[in-house]
Amino acid sequence: MRKIVLCILVAYFARAYEYNKLLLRTQSSLYPKLMLMDQKLSSHIKDKRIDFYILVTAIDRLYAKYFKKQLDRLYATGIGGYRFCSKIVNFSTFLADKRSEADAIYLLRAKEDILKQVAQKIANRRDIYSFTYEKKDLLYGFLCNVAIEKEVVIYINKKVLLRGDFEFLPQLYQISRFIEP
Amino acid sequence: MLNLKKSLSSRILFYFFIVGTTLIVGVFYTFEEAGKEAFKQMEKEKAEVIVNTILPTIAMNLYLGMTSNVNKVIKEVTKNNENILGITIVNNGKVVSSYLKKDIGKSEYFIMTRTIKRPNSDESIGRMHVIYSYAHFKRLVNKYSKLLWIFLFGIAVLLILFSIYLEQLLSPLKQIVLQLSNYTPKKTLSFEFSDREDEIGRISRTLEKMQQKIKSYALKQENMNKILEEKVQQKTQELKKRLYMDSLTGLPNRFRLQEDLESLQDATLIIINIDDFKELNDLFGHKTGDKILANFAQNITNLISTNYPKFYRFSGDEFAMLFNRKMTKSDIEQFLGLLANKIENMTFFHGDKELSLHVTMGACIGKDGALEKADIALKKAKQHKKSYEIYKESDKSVERQYQKNIEWIKRLKKSIDLERVVPFFQAIVNAKTKRPKGYECLMRIKGDERQIHTPYEFLEIAKKSRYYPKLTQIMIAKSCQYFQHSNCSFSINLSILDIMNKEIVQTLKESIDKYQVANQLILEIVESEGIENYSLVHDFVAEMKNIGCQIAIDDFGTGYSNFEHILKLPIDYIKIDGSLVKNVSTDENSELIISTIVNLAKKKKIATVAEFVSSAEIYEKVKELGVDYVQGYYFAKPEEHVEIECNQ
């Protein structure tokens, strides 16, 4: 009986950490494109290569791979004249790396303190694009999230947007919703 | 039909109408077209604005793959904008999103296509087709057209009002023209617009002033016309007087006589001719002649105390007396005798010389053809050397002869003009050998029907006419031309009249010279007419002989010529008169005369020619009498064409 209860609990928690693959596919499709909406992208990417880091905890590595696979499939030939290079990086590695070359980071689920640290780390960099899997994670200080509600919705953190050195196309603002923490 | 040429106001209004209508139609079409174009452009721009507004959003959504957003956008835009009938988004040949209104099929529209570019790039990611309706455009155009029509209608109304105003403005001119059209210098027109200050008023005032001037001028003109009319009447009277009055004697003239004759129911007419008045003129001069005529007229007028007979001057020395009734023969004879006696007893003075006049009179009893008949009677009296004659019905023959003479004069002229005067040639034969020695050229005239007229018919008339010299000249020229290449002699008849005529003599000399016929030519001078001026004839004969011509005396033995004078002329031939020759075989006197002539001729060594030899008997007789040459129908008739080779 105990084993049964334990399995149910494990399954329950496991499901709690389960990722929506449709959302992953949508986000993998949109996030690089959203980067191209920034008219200052060329000033941020000097080497003509977009280094897109997928920040992940060990437990979600499988989904990170799935996400990367989607990215690599979609942007194998590059995007908007830029070569596209995705990389799965642990949160701890990213936080430990003092000279990170990431142009954009994508955050899968993580603990609140880790997310705060990451947010703390990129706050000094005004040219890094930060995307989240979870909409609520934006509130920690990340730039953009794509969610699937009744339709696909783009959320932008107004504070991060204003703090950063971005100049997105006005049309993007028209179709996006802003979050003000 | 509007007569534009006659009315200035009609013309102005007509052209105003034309210009106005053209302007309205032109403005309407120009503005309508321009408006349509502008509205169309406006609609396109509107569509452009809409497209440009939604295109970035759609591009963004399409690029991001947010097709539901795209759908949402195009649906909202299409719903919110009635002019947009539908939007279709195509990507890679596939319709990504499309929204079309249901009633699209009924509408007229245009499609605007735009390339959808990736945001922040020129990369094409699809096409957007916007179906835009013309409905709004049409509504606008209709509204605009309506407004334009109202505007143009307003303009048209204004133009009509202006036309009416113009018509009213010009109507005074029409009235003035109407008034002027009935104007005569005797009328005084009053123009109601003369108190106006404008041009119409000035025209009216000027016309009134002009009217006054014309009136005074017309008055003057009228007076002048009256004077002129009086003058014309005076002159007409004078001319009439001149026409009907003889200026020398103051007597009525021939025209008056003719009119008086016509006005009378019956009449008796006498024509009075003063005998030998020409000589009187030549002797004393025309001035004296005129004075005598005037005195004569006065004396006769003094004899007449009553209205009739009326006395007229015809012309020159001819006068007439007209009775207004038909007199008996005995009465008129008595009157004529009395008048002749009175005239003969009249004395006229020229200086210290006393002159008396003799007159010949012709009278006609009755009105019909009185002038001609009295004239015939006058001629008859002259012929018979009587002081007067009264026309009788038997005198008609004279009248006929008179007519015939006139016809012959015409015929002579025609014959000369048409070259119908021709020489005929009659052979002159050697009495011994009977062979032609030469020809006598005889004048003939060919008639209209080719008949031949001999001089017997026309010579006497011709001599009295001005055509006689021309006839002789033709004969001379044609005869000389005919014998120019002949060895025959040929003779031409010349009268004393011909010899006296310088032109004829000149023609004769020229023809002889031209055709070189001097040695063949024999000039036959007619003796029977009586030669008076022998010295002239002698000179002529001498000159012709000198040239080489021979001379013959024609019709010798019958004339009144002085034998002595004739025989002194250097003549070559004597042509014995035909009247002697034709009786020679029966009349001893003729035989004796011919025998004497021949003997005389032989002594003078002059050859003799016997004319009118018409039979063998006559021929034998004249031959026996010693005549050298013979001529007559026994040998040959006159012919138009003869053998021109002769035995001399």
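Over all distinct alpha-carbon pairs, what is the Kirkwood Rh of chain B in angstrom? Please list the in-between numbers first.
Values: mean 1/r = 0.0260 Å⁻¹.
One over the average 1/r among Cα pairs gives 38.4 Å for chain B.
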Quiz prompt | For the range B:331-477, the spread of Cα positions along each principal axis, largest first, Å | solution = 68, 43, 33
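Ratio of alpha-carbon Rg to the 2.2 N^0.38 Å globular estimate for the range B:320-384, to two decimals, please. Spell out each step's value before the answer.
On the way: Rg = 14.1 Å, N = 65, 2.2 N^0.38 = 10.7 Å.
Compared with the compact-globule rule of thumb, the range B:320-384 sits at 1.32.
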Quiz item: In deg cm²/dmol and to the nearest 500, what is the mean residue ellipticity at 222 nm of chain B if only DSSP H runs of at least 4 residues count, each as -39500 (n - 2.57), divided by the residue total?
Solution: -18000 deg cm²/dmol
Exercise. Ignoring everything but the protein chains, give the 1.4 Å probe accessible area of B:LEU459 in square angstrom, nearest 10.
Key: 50
Quiz item: Quick one: accessible area per residue over the protein assembly as shown, 1.4 Å probe, rounded to a whole number of Å²?
Solution: 57
Quiz item: How much solvent-accessible surface does B:ILE409 expose, in Å² to the nearest 10, with a 1.4 Å probe and all protein chains in place?
Solution: 50
Quiz item: Along the principal axes of its C-alpha atoms, what lengths does the protein assembly as shown span, in descending order and rounded to whole Å?
Solution: 222, 88, 47
Quiz item: For the range B:8-154, what Kirkwood radius comes out of the mean inverse Cα-Cα distance, in Å?
Solution: 17.9
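For the range B:107-196, which whole-number percentage of the solvent-accessible area (1.4 Å probe, protein heavy atoms only) is attributable to carbon and sulfur atoms?
Numbers: 3630 of 5700 Å².
Carbon and sulfur: 64 percent of the exposed surface of the range B:107-196.
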Practice problem: Give, to the nearest whole percent, the P(r) tail of the range B:187-233 beyond 18 angstrom, counting all Cα pairs. | Solution: 47
Practice problem: For the range B:470-557, take the alpha-carbon Rg, divide it by the Kirkwood Rh, and send me Rg/Rh. | Solution: 0.94
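DSSP loop (so not H, G, I, E, B), at most 16 other Cβ within 10 Å: list which trypsin sites (Lys or Arg not before Pro) in the range B:412-511 pass both filters. Please list the in-between numbers first.
Numbers: sites: B:LYS413, B:LYS414, B:ARG420, B:LYS432, B:LYS434, B:LYS437, B:ARG444, B:LYS446, B:ARG450, B:LYS463, B:LYS464, B:ARG466, B:LYS470, B:LYS478, B:LYS502, B:LYS509; in loops: B:ARG420, B:LYS432, B:LYS434, B:ARG450, B:ARG466.
Those satisfying the criteria are B:LYS432, B:LYS434, B:ARG450, B:ARG466.
Give the average over all directions of the projected area of the C-alpha convex hull of the range A:85-132, one decimal, in nm². Each step should come with its number before you reach the end.
Numbers: hull surface 12.9 nm².
That works out to 3.2 nm².
With the full set of protein chains in place, find how many percent of the accessible area of the range B:404-630 is carbon and sulfur; take the probe as 1.4 Å.
Working: 5320 of 10960 Å².
Here carbon and sulfur together make up 49 percent of the probe-accessible area.
Report Rg(Cα)/(2.2 N^0.38 Å) for chain A, keeping two decimals. Write out the running numbers ahead of the final one.
Details: Rg = 16.7 Å, N = 181, 2.2 N^0.38 = 15.9 Å.
So the Cα radius of gyration is 1.05 times the expected 2.2 N^0.38 Å.
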Exercise. Report P(r) for the range A:90-181: all Cα-Cα distances, bin width 5 Å, range 0 to the bin holding the largest distance, values in whole percent.
Key: 3, 13, 26, 26, 17, 10, 4, 1, 0
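Rounded to the nearest percent, how much of the accessible area of chain A (1.4 Å probe, protein heavy atoms only) is carbon and sulfur?
Working: 5330 of 9760 Å².
Answer for chain A is 55 percent, counting heavy atoms of protein chains only.
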Quiz item: Which percent, nearest 5, of DSSP beta bridges in the protein assembly as shown are antiparallel?
Solution: 55
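Over all alpha-carbon pairs in the range B:404-630, figure out the percentage whose distance exceeds 32 Å.
Details: 4664 of 25651 pairs.
Tail of P(r) above 32 Å: 18 percent of Cα pairs.
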Quiz prompt | Kirkwood-Stokes translational diffusion coefficient of the range B:177-292, alpha-carbon pairs, 25 °C, 0.890 mPa s, µm²/s | solution = 118
Quiz item: P(r) for the range B:410-524: what percent of alpha-carbon pairs falls in each 5 Å bin, starting at zero?
Solution: 2, 11, 22, 23, 19, 13, 7, 2, 0, 0
Self-check item: Proximal charge balance of B:PHE348 [Cβ under 10 Å; K/R count +1, D/E count -1]
Solution: +1
Exercise. Would you kindly find the accessible area of B:ILE474, with a 1.4 Å probe and non-protein molecules such as ligands, DNA and RNA excluded, rounding to the nearest 10 Å²?
Key: 30
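For the B and A pair, go ahead and give the buried accessible area with a 1.4 Å probe, both sides summed, in Å² to 100. Mind dumping the intermediate values first?
Values: alone 37830 and 10390 Å², together 46920 Å².
Rounded to the nearest hundred, the buried surface is 1300 Å².
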Quiz prompt | Eligible lysines near A:LYS159 by straight Cα distance, threshold 25 Å, same-chain separation 8 or greater | solution = A:LYS33, A:LYS40, A:LYS98, A:LYS111, A:LYS116, A:LYS121, A:LYS135, A:LYS136
Self-check item: Drop in accessible area of at least 20 Å² in the complex versus isolated chain, residues of the range B:30-69, 1.4 Å probe
Solution: B:PRO56, B:THR57, B:MET60, B:TYR63, B:LEU64, B:MET66, B:SER68, B:ASN69
Quiz item: When N is the residue count of the range B:254-391, what does its C-alpha Rg come to as a fraction of 2.2 N^0.38 Å?
Solution: 1.03
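Based on the alpha-carbon gyration tensor of the range B:571-610 and its eigenvalue square roots a ≥ b ≥ c, which shape applies: rounded if a/c is under 1.5, prolate if not and a/b is larger than b/c, or oblate? Intermediate values should be presented prior to the final figure.
Working: a/c = 3.67, a/b = 1.80, b/c = 2.03.
Because a/c hits 1.5 or more and a/b fails to exceed b/c, the range B:571-610 counts as oblate.
Mind pulling the per residue volume of the convex hull built on the Cα atoms of the range A:28-130? Å³ is fine.
It is 89 Å³ per residue.
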Quiz item: Tell me, which longest segment in chain B has none of the chymotrypsin sites (Phe, Trp or Tyr not before Pro) that fall in DSSP loops with at most 14 further Cβ atoms within 10 Å?
Solution: B:184-559
Quiz item: With heavy atoms of protein chains only and a 1.4 Å probe, what residues of the range A:164-181 have at least 30 Å² less accessible area in the full set of chains than alone?
Solution: A:LEU169, A:GLN171, A:ILE175
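The values are calculated or read from the model by the stated rules, or taken from the named source; none is laboratory data. This one's a predicted model, so the numbers in the text were calculated from it and none came from an experiment. Every residue, glycine as well, gets a Cβ built from its backbone with ideal geometry; the counts of neighbours run over all protein chains shown. Keep in mind that these areas ignore ligands, DNA and RNA; they rest on the heavy atoms of the full protein, side chains included. Shrake-Rupley method; radii C 1.70, N 1.55, O 1.52, S 1.80 Å.
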